[in-house]
Structures are given as structure tokens and as C-alpha cells.
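Trainee: Have a look at this one.
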Amino acid sequence: RISGGHIEYEEDRWLHAYGLSLNLSGTGDALAESPFSSSSYNVPEQSLSLLTSSTRTTNKEAVSSLFAAFFREIKMWLYREGLLESSSSRTRDSIGLEALQRSTLHVSASQLDASSIERIVEATGAIVSQSCDIACEKGVRNLPEAKLALLEAALLHERTKMSSLSDGSCSHGPVMGDWVKVPHSPLAGDCFSFHLPLHRALARSILCFCSAIVPAEERSENPNNWWRLPILDDDDGFASDDTTADGIMFKPDSLSALVRSTHKSSNFRVVWSSGPECSTPEAQLRKSRSRLMSSLLASTKVVHSLCDHPLRCIAASQQIDHHMWAKNGASTAGMALNYGSIPLCRSLRDLDLTMVQMSACGFNVGLGARRVFALLSNRFSLENYLCDPDRKNSFGRVAWVKPPRMQEPEHPELLAESFFTTVCVLVSDLPPPPPTSLDDNSVLRRNLRRELLHALAVEPRSHSEAMQAASAAVSRRDETEGNIGSSGGASSVRTVFAEVLKSIGQQRNQGSRSAPRTYELKADASDEYDPSFYHLRKTEHQHAMDNIARLRKQKASASSSKEMVLPLVAEPPQGHPRFLACRLLIHLPSMFAAARRYLMYALFSGSWLPPSKPEPDIIANIEMLGDTAMDISGSSRPPPNREYSRAASSMSGKSAVTTNGKPFSPETVASSSKSFLEVLHILTLQVHTLEECSGLHKQLPFLDHEQKALSSGVNIDSYLKQLLHVPRSLVNVWALQCAPDGPLPSDGSGENRGSVLGLLIALYEHRDNAKGASGGQKSGNDDHGGARALSSDGLKWLLRFFSALVDGAEGIKDACEAATSGVPIDSSPSGQLCDDPQTRNKIQRMLANLPDLWPGANDDSSTDAASSNGANEKMKESQKAAQARAMARMKKLQSKFAESMSSQFNDESEKKLVDDDEENLCIICKCDDADGDNGPMGYLGHVQRSRVAQLSSKSILGQTGASGSDDLNNFYRVAGGKGCQLRSTESMGSAPVAFLPLGSIVEVLQSKISPQLGLLSRRVYVRHVTEHQNGSEAAQGWASIQSWHGYTILSPLNTLCYTNTRWGPTRPIIRQCGHAAHLKCVDSHCLSLHQRAASNQPYDGRFSANIEDGEFLCPLCKQLSNIVIPEDRCIEVDPAVRPSPTTSSNEDVEDIDVVNDVTIIPW
């Protein structure tokens, strides 16, 4: 937000209008449902076929009148006509909200053919202008006749083109869809409101009509018309090439005829070239021309508004969720929360999604898939992000065109995730097909199953909680028909819910008999989970993906095929025929470009532009400093190349050489944390809807010509070519070339790395299937929860599908089954689905030899795994021996310390005070831990994430002057309490140069290790800079990393780096109140809190502790707690008993993972 107002403030005029809108909304809902809830439809199935066609026709006529009324009201709302005015003066807010659709009209004569212009000149005698750029927010004022003639010629040109493309049975699409431009950006200050009662009332009416019962006989008798919407999908013959009686070269369509009755003279005013004086026939012609153009423009604006205004609300709610409207306060955040949360979202966001889906389908009342995609990109502010990158020549050098900078660097990524998620919702959750009879509860069963499955995926629920969660799928009509049908044979909602719960849920084992029964999701139903299901919030999806990943792993282990991999998302539910064309949205070429751009963003670890090739001098610097990049353990690390960073920053006009401060390499890809799960979701939905979308032009002959052309162009050959397509700007890009020409090697051919398929293969090889054992680099796939596990399996499933598709699968279904089961398809040239052998062979080469793609395909990988396992066993044995020696040494020191302490006390009473520790009492049961009946004793505490340690290390690293984590490999800190002595040569007997106190920072310039003594004798040549008031003084000399008996002198600073670690910049911070309790007592206390919460009884921490996350208040001091820390006691050691180096105590510490970065702060 920069400037401008967004919110309608609660003043008198607004409150009155809002109260009236509530009444109108409820009335509209009742009107929308009344024609199809009449008694004529509530009859037994055997009598349903006896209904006369006149009854259904009457109902359709009633709904068509309702559609027409809403359409006209939306036109008047856009033009700000017929509004209720109060006696109060117009406030600033009402003035700011007047421009509801800031639209402009753009037409150029260069886009038209000469015949259309000649026919308009011949019919009207007017001169045709060369261009027309006018504002049409609330109509057109003072339009010259020459521009009116240009608009008429453009309409004639469009009609002629439609008539040549149509076969007489299709719709014409939006008349002025490409001419009207509607700029809108709330982030730039444009006005915005979540209040769209007319659009949502129309959406509810359309949903009600689509859910009306349609018998099977009517579907078979009228397959091309039974699913069409009355009035909105009428065949008006607009594209026919005939001339009306008044001499105009085109006639109005059905939608413009709806709003023609609302025409006002102020909507469209023309300045006639011959003056206002004219004859009566000419006056009639002028009136007809202006009214016709006014109604066409108004209907086009309404058609655009049916998609644009709901889409504004969807995009704004996503932006508010990502804290981009923080300056608007908590009220805006609350509005967005109610807009997208159950149960209010059923009357807000869900209806807005329906309007966008209807517009994406095309026909007469929709913009079509191409225009809706462009509108989506614009409303999410991603027009220059989700497209192929472009290059330009700047000052003699070719450079990448950078996308516009947003307010925060992370905003493009967040908006891109919201964009792809919205597209997934639009194509997945279409309105269901209508039932065939009253006993047909398939739609209710499907909706209940989908809602309940995702609710159980988040967490186990009781029966009442599951019923409440599934109620989002139950409409008012379902409840009414269920109650009516309970005596007429139809299943009630509760009966269907019980059947669905039994099929997908199982009762969870309870720890207490008094607790209510809870149900959890079965592993067999885990493949139906949808990562973009719109009735779950993002945090709920994170919990659900963790559970789904675990359940899918259980399902795979229990199946007969041990290499079973499930797709990221299952096939979407069946949709209503009227809305199926919305799924063409994901088969657009621009959608492939958006997916390709975001996959590059994930591959380049958060860079929207490809990194350029390093210069030769930079490579030389890397090789020169490579020998010094070695830590104490002897493993190599990336060099701290300051020259490299300076060279990268000096390359003006080029993209960055490095990615996030590192040279682009396989290690960069493996350590990337950028998720591309939403793009995988889009690509998986493309696979599931490929066959359906390829036949829409035959199944729905009433589609407009643009949607028909898109559907007829969708097939397996075109799909595979889109996957292999490399844009012109990405050809021969260094970062997208295969090694040795590029940075990333490939086990396949490495061709077409800049395509969607090439990027998926690169991410699979170097990230999702990266071997952490090779090179010591940890894959980015580790420690990222269920989302990364689902993404990894979904990527492997997609690559298996592509491989099976070109290897000879007989159909898409067979390829999907092969990808899931892990059984490759035997190559058969006779059954190839891809007719282009060049495309088929290239995909086979790209997917050849990919590691672990198919089971048993790579024998070398098993050999490498066996050798790596042997090396790991040897390393474990050496670590075990070292731990045994350390334990023996520690026990020896402990016994000596005990003997020295006992000798200091001669008095038995004093010695008893030292030896006997005070026993802690449990604050719950008031008993000590002597009997051990209530389990071990521990201290109550609270753990949470904190960046205290990272901020502390940041201040220490600031002393080194290092710019990034790579510079820390050669910096050490004096850690020994005795300081560090610098000498002139490597010899320990050489002359001293300087003495460095504890905490001094040194830089290692050279390192040498004696072959006889190993790492214990490592000597380093260091430099220390001391800052003075008059300047700085540098001292250089040889020092030891540690003494011969293990005393640490210099400690590396790379242990303080928090950017490249597996945990990130956060560490756990523990606060203790100092009170002790038994573990079983704490469990009983927490169980009692849950029981009191379930019965709505008051308990400690009801408003301050989240008991669902394990939080509770200390029973004594009321401090917030969520953990019990075990009590650490000293073990008495008998000096006479010497520990054996092979005891079991040495084996117990083998797998202990010591966490050093834990901060404990007592209260």
C-alpha cells in the first residue's frame, strides 16, 4: 500500500445500504432456489419422467428472468445509476468509490481489413478515424462520429471473422473482449471493496440452476442444450452475415439486448460531424447507432466485471494474508480472514470462484481462458514475473530485462504461490454435475467425502467435530431434500455422512476411556488429498501434508509393489458440463511459460534471472584459493573468495554471477529451499485433464471459436512439444547447459534444459534425488517436512509418466498406472501415442539413466551405495573407539576430583552436606522421586524458536569484515584461555612475533600439516589486525590449531554461520521456572486440562495457553510451559572400580546427537 483508501467506513449511509443488501441477498437466495425446490420436483423417481416439458420450461423461464434482472442491475451498479441516496451529504469515501471500473477502449484501424471500413463508409457516409482511445468508466461522452465509425467497422470485422470460423452452432464469445482495458491495482492506491452482493447473488442463482435435477431421458434427447444457462447462453446469431432493416452492418447480441432497456442518453454521447440538425430518418439512424454501440459497450463491461470484481477480492485476500496491506489495520485482516474461512467463505469467496470459473469457460458471457489468465497475472501483479525472460541490447551489451521491483523481495514468490494455488482451485473444484433423480445423492456424497477427508488430514477429530467440518459441503437444499426424502426414500445427510466417515476414517486408539472417540484418516484414502483445497488455510495444509506423507508411506509399504509412488494430487472431481471449459486454463501456452519461469526460480535458488558464466579471472581466483579452504576435519569447503564477490558486483548490465552469494553449482541447487509444489500441482492436473480437454470441442459444440481452437489443439503431441519447448531467450544460456559446457551435469542427455521437462529433470537429479553422501553436501530435500516429501514423490511420478508415455503406453491411463506401480512399459513401436519420432526420441534420451527413476534400472547406484555404506561403517567404528577412550578419560578425571573433594572435609556432618543433594518434591503430587512410581523427575520449561544466538554470532562476525558465510572458512578465533603465540617460522623453537589474547580474530593465509603427527601438528600462517586510534597494525606469524595433547588454541568461525545450516537462523530457547514434577504427573495434569476443555469447563490457562500444541501453566507459579526437562544428577563413582573400555556405556553414546546451540534462560 502506497496511498489511497480501501475500506468503506461505517457511516450512516453505508450502514443503511449494507442492511438493505443483507435483505436483498437473502431474498435473492430464496428466489434462486424456489423454482427448483417446488413440489413438482419432490416426487418419486417413477413419477419424475412423467413431468411435462412445460413445467421445466416454466422453471427455466423464471430463472432466466432472474439472470436478466441481475445482469441489468450490475450494469446500473457499474454506471452508478439508480443508487439510493440519503439526505446526508456525499462523503469522501463515497466519492472515492465512484470509479468502480476504471476502463478504457482502444481500437486501431490498422487491425481491420479494408472491406469492413468500406462497408461502414458506404452505409453511414462518415469518415473512419485511424484510432480510438477513450475512457468509458461510466459511459462515453463527446465521441466524434469518425471514432464511432471506427468502432462500427471494428465490430463488423469481428463479426465477419466469427462467421468464417463458426459452424453455425457455436457462441461468439465476448464482443469487445480485447478492446476494453481495465487497469486496477489496490497496492497502487485504487479503491477496493469486498462487498459484491449482485455478483454473488448471480453466482448463487447459477449454482442453484446447475444443481437442479435433470433426468437421464432429457440428457439423451437434448445432449447439446440441457446444460446451457438460460439467457446467458442463448444462440443469438450475432455472427451471422446478414443486414438489419435499419442499415447497420451488425445486429445486437443477446446480452446487449438485456441492458438496452437501461440505456440513458448520458451513457453514450456522440458529436455528429454534420451538426445536430438532421432529417427524421437520419435522426432515427443516429439514435439506433448510438444506442446499439452503448448497449454493446455496457454488456462488455458487465461481462468483464463478472470476472474482474470477484477476482479482485480473491487476489486482495491473498495479499492481505501475506501482510501486504499492513497499514490498513486489523479490520482489513479480519475482513480477509472472514472472506476465506469456513463458514462465511461459502457466501463470499466460493461464489467469487464460481464467477471466475464461469468467465474462464468462455461462451457469450465469459472472457475465455486466455483473457482470464492475463487478468489473473495482472491482478496478482505478476505480468513480468511469470513469463519467459527477455533480453535487450543495452549500451552494446545484451542483458536480461529485470522484472519490476516490489516493496519487499519476498513478495513475488508469495504472490506466485498464491497465483498457482488459485489456478489449481479454479480447475479442480468445479460445480458438480446435476443429479438424475431425488435418490441420486452422488454429489452430496462426493462433497462430504472431500470435505471430511481434508478435515481428517489435518488432525483427528471427534464425531461432532467431523460433522461440523463436513457441514461446509451441505447446502440448504441438501438439508431440505434430506429431510423431505427421509420419508420418501432419499438418504438423509446424516446417513450419508456416517457412510463416508466409515469409508475414509478409522477410530483412533484412546489413552483414556472418558475421552470422546476420535477418528483419523485411513492410509488408503491419502491419495485423494488435494494440496490446494480451498477450505483449509495454509497452516492447516502444512499439518495435513505432514500427516499425508506419513500415510502415503504406510500405503506404499503395505502394497504389493514396493516401488509405488503416488502422484501429488489425484484426478480432479467431475464437473458440470457448463464449467468443463475452465480447465483449458492450464493448457494455455502462457501457463507453460509461467511454470517454466517458476521452475527456473526454484532451480536458481531464488533468482528470477539465470546466473551468468563466471569470468576467467574469477575462475582463477577460485582455483588459487581452493587449497586453503580446509577445516580441522580435512574436508574441503567453498573458498572465501572476496575477489569473486567484487568481480560479480562490478558486472553492470549482466545478471549476477552468483546465486545468493555462492557460485551456481549442483551444491547450490541441492541446498535450495524454494518450493515448487504448486507448479507440480499444475503439471499433474494437466496430465489428469489432458484427455478431457482434448475432446471439449466435440462434447460442447456451443463453445466459442477461440475455446474450440484451444481444445482442438490439445493432444499428446502438442502436450509433449510444450514440455520440450525452449524459448528463444533461453537458448545457449550457460546456466541451462549440461556439463562440461554448463554447471550442472546430467545422467541423461541434458538436452533442452531450458524447457519444462529439462528443468524438472535438473531439479530431480540435483535436488530431490541428490545423494547427500557424495561430496558431503546435504540435499535440500532433507528436514523440510511432508511438503517436500510429497513434492519429491510427485516429481518422480511425473517423470515416470513421461517415460511411460513415450515408451509405448496404450493410453494416458496405462501410463499413469505404470508411473504409480513402478513397472516400466515395454517399448512397442506399434502402440505409440506420440506420432512425432523426433520428440519421442529426445524425451527418451533426456530421461535415460536417471538415478532411481525406475526400480532396478541402475546397478551402479547400488554398488555406490554399498561402498558408501562400508565407508560409513568404518567411520562409525573409529568414532566408537574415540568415544570409548574419551569416556575412560572422563571417568578417570571424575574419580580424581571426587577423591580431592572428600579429602577437604574432615567433619562428617560437613561431608554429608556435600554428598547428599537436596531432594526435589513434585509440585503436583508433593512426593520425591525415591519410590519411582510416578516416573522420572523433571523440571518444567518452555521451548520456542529464537534468533538470539544468530544475532550474537552476527555481532562477532562483524569483527571479521566478512560479507558472507563463505568467507568464514579461513577465519579463526583464539579460544584457549592461555592465548595464542605467533612465531616467525613453522618450528616451535623459532622466535616469537606476537602474543594474541583470548577472543582475537585471525585470518589463515597458509596451512601445513606434519605427515608424522597428522592434524594434531597442524601449523597455520595467520594474520591479525589490531585497530588503533591512529590506524591499524597487522601481525603475521605461525601458530598452532591445537596443542599436542588436544588443547584447543584456535577455533574456526564457520561454526557461527547460520545461513547454510540445516536449522536456518533459529535455535531453540528454553526458559525454566525451576519447579520440578514427575513425568506421569504432568501427563495426568495435561489430560485433565483437555477433558475440562472438551466439556467447556474453566481451567488454568484457558485464554493464555494453547493446550492443543501441548502448552500448559505451571501449577505453582503459573508460568507458560510445554516441556519437561529430565533432572541431571551426578553418579557416584567407586574409585576402586576402574571402567572397562568395552562396557555398554560406551555403546550407549554412539548415536547421541549433541546440540550445542541451545540457550537456557531461567526465569
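Derivation of every value follows stated rules applied to the coordinates shown; laboratory data play no part. Since we're looking at a predicted model, the values are computed, not measured. Note: ideal-geometry Cβ built from the backbone for every residue, glycine included; neighbour counts use all protein chains shown.
Trainee: For labels at Met988 and Lys562 in the simple 7 Å Cα→Cβ model, what's the distance in nm?
Mentor: Result for the modelled spin labels: 5.5 nm.
Trainee: Another question about this same structure. Which links in Lys75/Lys264; Lys553/Lys1080; Lys555/Lys796; Lys181/Lys708; Lys251/Lys287 stretch past 22 Å when you go from one Cα to the other? Numbers along the way, then the final one.
Mentor: Details: Lys75/Lys264 12 Å; Lys553/Lys1080 32 Å; Lys555/Lys796 17 Å; Lys181/Lys708 24 Å; Lys251/Lys287 14 Å.
Checking Cα-Cα distances, Lys553/Lys1080; Lys181/Lys708 exceed 22 Å.
Trainee: Quick one: if the Förster radius is 25 Å, what FRET efficiency do Ile1125 and Ser1084 give, using the C-beta to C-beta distance and rounding to 0.05?
Mentor: Numbers: r = 18 Å, r/R0 = 0.74.
E(calc), rounded to 0.05, equals 0.85.
Trainee: Still on this structure: Roughly how many nanometres apart are two label points built 7 Å out from the Cα toward the Cβ at Asp1100 and Asn841?
Mentor: Calculated label separation equals 7.8 nm.
Trainee: Express in nm, to one decimal, how much length is gained between Lys392 and Arg945 on full extension, taking 0.36 nm for each residue of separation and deducting their alpha carbon distance. Before the final figure, lay out the partial values.
Mentor: Working: separation 553, 0.36 × 553 = 199.08 nm, distance 4.56 nm.
Length gained, Lys392 through Arg945: 194.5 nm.
Trainee: Can you list residues whose amide H is under 5 Å from Arg1102's amide H, if they're 5+ apart or on another chain and H is modeled 1.01 Å from N?
Mentor: none
Trainee: Take the Cβ-Cβ distance between Glu61 and Asn225 as r, set R0 to 25 Å, and report the resulting FRET efficiency rounded to the nearest 0.05.
Mentor: Values: r = 15 Å, r/R0 = 0.59.
After rounding to 0.05, the efficiency reads 0.95.
Trainee: Kindly put Lys1008, Lys892 in sequence by how many other C-beta atoms sit within 10 Å of each C-beta, fewest to most.
Mentor: Ascending Cβ contact count within 10 Å gives the list Lys1008, Lys892.
Trainee: Report the net charge of residues surrounding Cys738, where surrounding means a beta-carbon distance below 11 angstrom and charges are Lys +1, Arg +1, Asp -1, Glu -1. Don't jump to the answer; show the numbers that get you there.
Mentor: Values: positive: Arg753; negative: Asp741, Asp747, Glu751, Glu765.
Neighbour charge sum, excluding Cys738 itself: -3.
Trainee: Using the count of nearby Cβ atoms within 10 Å as a rough guide to exposure, how do Cys208, Cys361 rank from fewest to most? Each step should come with its number before you reach the end.
Mentor: On the way: Cys208 22, Cys361 30.
Going from least to most buried by this count: Cys208, Cys361.
Trainee: Which FRET efficiency value, to the nearest 0.05, is calculated for Ser110 and Arg80 with the Förster distance at 41 angstrom and r the Cβ-Cβ distance?
Mentor: Using R0 = 41 Å, I get an efficiency of 0.75.
Trainee: Now for a separate question. Give the peptides 740-753, 403-416 in descending order of average Cβ contacts within 10 Å, highest first. Intermediate values should be presented prior to the final figure.
Mentor: Values: 740-753: 17.9, 403-416: 15.2.
Averaged packing, sorted descending, gives the order 740-753, 403-416.
Trainee: While we're here: Starting with the fewest neighbours, write out Cys136, Cys922 ranked by other beta-carbon atoms found within 10 Å of each beta-carbon.
Mentor: Working: Cys136 25, Cys922 22.
In order of increasing Cβ crowding within 10 Å: Cys922, Cys136.
Trainee: Continuing with this model, one more query. At what distance in nm do the modelled label points of Lys891 and Ser331 sit from each other, each positioned 7 Å from its Cα along Cα→Cβ?
Mentor: Spacing of the two 7 Å Cα→Cβ label points: 7.2 nm.
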